[in-house]
1. About its Cα centre, what dipole magnitude does the chain give when the only charges are +1 on Lys and Arg Cβ and -1 on Asp and Glu Cβ, stated in debye to the nearest 20?
2. So if each residue of separation counts as 0.36 nm, and I subtract the Cα-Cα distance between Leu79 and Leu290, what length gain in nm does that give?
3. Sort Asp229, Asp234 so that the residue with the fewest other Cβ atoms within 10 Å of its own Cβ comes first and the one with the most comes last.
4. Which order do the peptides 236-242, 264-270 take when ranked by the mean count of other beta-carbon atoms within 10 Å per residue, highest first?
5. Which value results for Rg/Rh of the chain when Rg is the Cα radius of gyration and Rh the Kirkwood radius based on the inverse mean 1/r?
6. Determine, for Thr157, Thr371, Thr18, the number of other Cβ atoms within 10 Å of each Cβ, and report the residues in order from fewest to most.
7. Starting from the Cα-Cα distance between Val281 and Ala320, subtract it from 0.36 nm times their residue separation and give me the gain in nm to one decimal.
8. What share of Cα pairs, in percent, lie more than 15 angstrom apart in segment 238-306?
Amino acid sequence: MLMSLIRWLEILAFAVFTYDQTKSALWVASLMMLRLLPLSLFGLAMGALASHMSRRWLLIVTHAGLLATSFVLLIVSALGAIEVWHLAAASFINGLVWAGDMPLRRALMGDLAGHGRMVQAMSLDAVASNGCRLIGPMLGGLLLALGGLPVVLLCTTLLYLPVLAALGGLVDPPPTDAGASKATIRDVLMRGLRAARESRPLKATLWITVLFNLFGWPVLSMIPVIGRDQLHLDARGVGLLASLDGIGSLLGALTLTSLARRLPHGPVYLGAVVLFLVLQVSFAWSHHVLLTGAILFVIGIAQAGFAVMQPTLVYNNAPADRRLEVMGLMTMCIGVGPLGFFAIGWLAQLFGAPMAALICALSGLVAVALTWPLCRACFETPTAAERQPKPVSGT
């Protein structure tokens, strides 16, 4: 929860500051691109590293690095020397830590909750993160309006202290596979790829993840640009606008927590992505603050369906002994996001942010239609035998 609060506070504050300094939608999108790039580059590497050392100490060291980064930015900002490239470097460093946190945390949550309660566990994770995602943009906009970027960085620096205290209370789980400690990055990659190749539902889930991160999620980086230029909002107004999809995501995740056992996971997952892309078209055309806010609220509900069902389907469809590897592979699929953020930023420079959002939405819908036979495979349910550990062969 604390890391989600810090992350969304920073994303909003960094985006508004960058756009005010550069008037460039491409620069705004590039900050998010740099935050996501390590997911594709180092997602599996972080998983392999975790198999060679204490997960607890890996998390403590990496998050202590984030505290140091935030403190350095605070000093530079207080001296009046902060520049956009400082924020770009900090975004990349944050992405490095995110690349290791995402697969490890979700795999551990799945192991604790068990197969039967996986949806509830992921719903709880989504409730926690989206609750902070709701507060983060509003708080970021408020702090920017009150004291500028130094106040924002002071807040994030202080929030890292309870994060480290919480990590100090973790206990390393006992190893479940004697060969895991000897796994190389190539081993991890090959085991994950084999699991995906052997399971149509898993392959479909990962492919839909790629589509969403290429054509859907990047549009949210345009909220500060559209809020400033098309809706003429100040920093506080942009923060409130950016929090509305977080409200929708929070309520959507709460709803899924209570309805999880009665809902088909695959249809909810694919339907959420299609709904997100359709609403993205309306978001691009809206020139009214209230209408834009309502669209973002429903987009948040759709995003909750995606966020809850994605790790649930990946965890449930993966063989029991390859879940960490497949979670790392999922992180790599999320890591295609930088291409989407670069594309929407480049399109926004050429045609404006609304037209860029429209082009990405239509491209995503066309991609779903062209690959429908693969996408609908996420509706299938793996057998109990397919979830069992597979015999190890080759590497």
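1. 780 debye
2. Once the chain is fully extended between Leu79 and Leu290, it gains 72.1 nm.
3. Starting with the residue having the fewest Cβ neighbours, the order is Asp234, Asp229.
4. 236-242, 264-270
5. 0.96
6. Thr371, Thr157, Thr18
7. Contour length minus the Cα-Cα distance gives 10.1 nm.
8. 52 percent
Readers should treat all values here as calculations from the given coordinates under stated rules, not as data from a laboratory. Here the structure is a predicted model, which means the values were calculated and not measured. We place every Cβ from the backbone using ideal geometry, glycine too, and count neighbours over all the protein chains shown.
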